[in-house]
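First comes the structure, then the notes that go with it.
The values are calculated or read from the model by the stated rules, or taken from the named source; none is laboratory data. Not measured: the values here are computed from a predicted model. Using ideal geometry, Cβ is built from the backbone for each residue, glycine included, and neighbour counts are taken over all protein chains shown.
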Amino acid sequence: MKKLTLALLTVAVSVTGALAGTSAKTFKQTVAPAAECKFRDQELQVDAFAAGAFYNQGRPGWGGGLGVNYFFTKFIGLGVEQDVLGREKVGGGSNTEWATSGNLFLRYPICSLNLAPYALVGGGAAYGTGRGHGFGNVGGGLEYRVTDNIGLFSDARWVYSSEEPKSAVLGRAGLRFAF
């Protein structure tokens, strides 16, 4: 009987040594990576747009233009644009006006929606009517990024000048290519 007890005790001690240790169950939580924002810091943009101007007097003007913008941060950028607008004169004939302007952009990207509302303020010079004149503008717009590098935008601005016509609302819509 002593041998059987000693054998069982030896087996029990051997088994407890084999089963010793901790078995811990780990729960790994999977975290989805955050979606990257399509609006980046240090972003160069090229715009191609159609434009329409509605003056405080006379007929509207229609045309388009090109622009280049650079955003130092996601929120602040500078831009320059060249546009041309043609309109009929009230007494007959037509008038074509070229305008070069610079703008400061303040935008607020909503990355989850790929949207960026923005405000702009700037000024420039218009020429082509026989004599040039300066102007200022203030406005706002909205950009939607279709891909990381292609966006659709639309904006409106109030343009004011000391020359006739003294004020106008300029609307633009177009494509924006971001690099």
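Within segment 140-170, if we keep just the residues that are closer than 19 Å to GLY63 by Cα and in contact with a Phe, Trp or Tyr (Cβ under 6 Å, 6 or more places away or on another chain), the residue that is modelled with the lowest pLDDT turns out to be PRO165. The condition of being closer than 20 Å to GLY174 by Cα and crowded, with 17+ Cβ neighbours inside 10 Å holds for only one of GLY86, GLY77, GLY124, that being GLY77. Among strands (runs of 3 or more DSSP E) entirely within segment 22-120, having at least 1 residues that are free of Cβ contacts under 8 Å to residues at least 12 places away in the same chain and small (Gly, Ala, Ser) singles out 94-107. Taking (1) surrounded by 13 or more Cβ atoms within 10 Å (Cβ to Cβ); (2) closer than 22 Å to ASP41 by Cβ; (3) among the polar types (S, T, N, Q) in turn, THR147 satisfies each apart from (1).
For segment 1-53, the tally of residues that are at pLDDT 70 or above, farther than 30 Å from GLU88 by Cα and among the hydrophobic types (A, V, I, L, M, F, W, C) stands at 8. Restricting SER101, SER94, SER112 to those that are surrounded by 13 or more Cβ atoms within 10 Å (Cβ to Cβ) and hydroxyl-bearing (Ser, Thr, Tyr) reduces the list to SER101.
Among the residues of segment 144-172, those identified as outside any strand (DSSP E or B) and without any contact (Cβ under 8 Å) to a residue 40 or more places away in the chain are VAL146, ASN149, SER162, GLU163.
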